[in-house]
Amino acid sequence: MSKAAQPPVIALSIPARAEYIALCRLALAGVARAQELSDEAVADLKLALTEACSNSVRHAYDEGREGVIDIRYELGGDRIEVEVCDDGNGFDPEVLGRAAETLDEGGLGIAIIRAVTDELDIGVGPEGKGSRLRFTKYLS
């Protein structure tokens, strides 16, 4: 019995500092070359990734606490999925959703991600702390 082929996954961990977000965008551009993504789709994904990483940089870690942001790029046959996780302070998704609806400063990044991607899932980080944002862009 053969296993079904798993989509390729590229993982990157960066310090939770603004100057490293450009590295995430560069990695995304490289990953996008392996898929047939339009320039517009790549730009949308870069914007969503920048917003997701910026949220972790700004909100996840208390001042003076070193943190890490883990990014996973998953290539499917018809899509690309990006997951951004941190193990910081986390947030209440319901409060975040209300902020996005009223376009408060704290929710605008999430509203932008929703607008430029096809799917968005927000939750707790993989080890039960911090945050996880996973967004999907379909190729067609």
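Listed values, structure above:
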read-out: Criterion violated by PRO15 - all others in (1) open to solvent by less than 20 Å² (accessible area, probe 1.4 Å); (2) over 22 Å from THR117 (Cβ atoms); (3) of a type outside the set (A, V, I, L, M) satisfied; value: (1)
read-out: Given (1) farther than 21 Å from ALA111 by Cα; (2) free of Cβ contacts under 8 Å to residues at least 60 places away in the same chain; (3) open to solvent by less than 70 Å² (accessible area, probe 1.4 Å), index of the condition SER54 fails; value: (1)
read-out: Of all residues in segment 21-30 being without any contact (Cβ under 8 Å) to a residue 24 or more places away in the chain and within 21 Å of ALA60 (Cα to Cα), the one that is most open to solvent (accessible area, probe 1.4 Å); value: LEU23
read-out: Residue that is surrounded by the fewest Cβ atoms within 10 Å (Cβ to Cβ) [pool: residues in segment 31-42 that are in a helix (DSSP H, G or I) and touching a strand residue (DSSP E or B) at 6+ places or on another chain (Cβ under 8 Å)]; value: ALA41
read-out: Qualifying residue in segment 101-110 (condition: modelled with pLDDT of 85 or more and open to solvent by 50 Å² or more (accessible area, probe 1.4 Å)); value: no
read-out: Verdict on GLY128 being modelled with pLDDT of 85 or more, small (Gly, Ala, Ser), under 22 Å from ALA16 (Cβ atoms) and not in a helix (DSSP H, G or I); value: no
read-out: Residues being among the basic types (Lys, Arg), modelled with pLDDT under 95 and open to solvent by 70 Å² or more (accessible area, probe 1.4 Å) - total across segment 62-83; value: 1
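The values are calculated or read from the model by the stated rules, or taken from the named source; none is laboratory data. Since we're looking at a predicted model, the values are computed, not measured. No Cβ is skipped: glycine too gets one built from the backbone with ideal geometry, and neighbour counts run over all protein chains shown. The accessibility values were calculated without ligands, DNA or RNA, using every heavy atom of the protein model including side chains. Shrake-Rupley method; radii C 1.70, N 1.55, O 1.52, S 1.80 Å.
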